[in-house]
Amino acid sequence: MRLITLSQDLLAQFDYFYRCKDYPKAAEKLEQTLRRGKRSANIYFNLAQCYEKMDKPQKATRYYGLAVGYAPNQSNYWKHYAAALEKVGNFEEANGILEYISNIKNDWAAVS
């Protein structure tokens, strides 16, 4: 018999509410997970996605920023972060991020 931790249960509940498009409840499950000390890029990214779908771009931007801090090599996270920054009117920072992503891709192409 496998034991399920409280964090796993909360993440399973998040997944259920997210698939049902109940973004406020999905976000609450992720917030509860964070309050219990579990942190990861994926949790922050999913939380940002919930807030974006709830039309709360300021909160989405905050959590996308935390996601890229935990997983700086995830270009998808950076793209979402840049888009969220644009939504809140921070075009300069968004453009800087897009340039940064472009440079990373060019650096990897040169190595290959």
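Every number here is computed from the coordinates shown, using simple stated rules; none is lab data. The model shown is predicted, which means the values in this text are computed figures rather than measured ones. Positions of Cβ are generated from backbone atoms using ideal geometry, with glycine treated the same way; all protein chains shown enter the neighbour counts.
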### Query
When residues of segment 28-64 are filtered for being in a loop (DSSP other than H, G, I, E, B) and among the small types (Gly, Ala, Ser), how many remain?
2
### Query
Just to be sure, is Thr33 β-branched (Val, Ile, Thr), surrounded by 21 or more Cβ atoms within 10 Å (Cβ to Cβ), in contact (Cβ under 8 Å) with a residue 12 or more places away in the chain and more than 21 Å from Tyr16 (Cβ to Cβ)?
no
### Query
Being free of Cβ contacts under 8 Å to residues at least 24 places away in the same chain and more than 20 Å from Ile104 (Cβ to Cβ), is that true of even one residue in segment 63-82?
yes
### Query
Pick from segment 85-105 the residues that are of a type in the set (A, V, I, L, M) and in contact with a Ser or Thr (Cβ under 8 Å, 6 or more places away or on another chain): which of them is farthest from Glu52 (Cα to Cα)?
Ile104
### Query
Considering Asn90, Asn76, which residue is of a type in the set (S, T, N, Q) and either within 22 Å of Leu6 (Cα to Cα) or exposed (fewer than 15 other Cβ atoms within 10 Å of the Cβ) (or both)?
Asn76
### Query
When segment 65-77 is examined, which residues are found to be in a helix (DSSP H, G or I) and over 19 Å from Asp55 (Cα atoms)?
Val68, Gly69, Tyr70, Ser75, Asn76
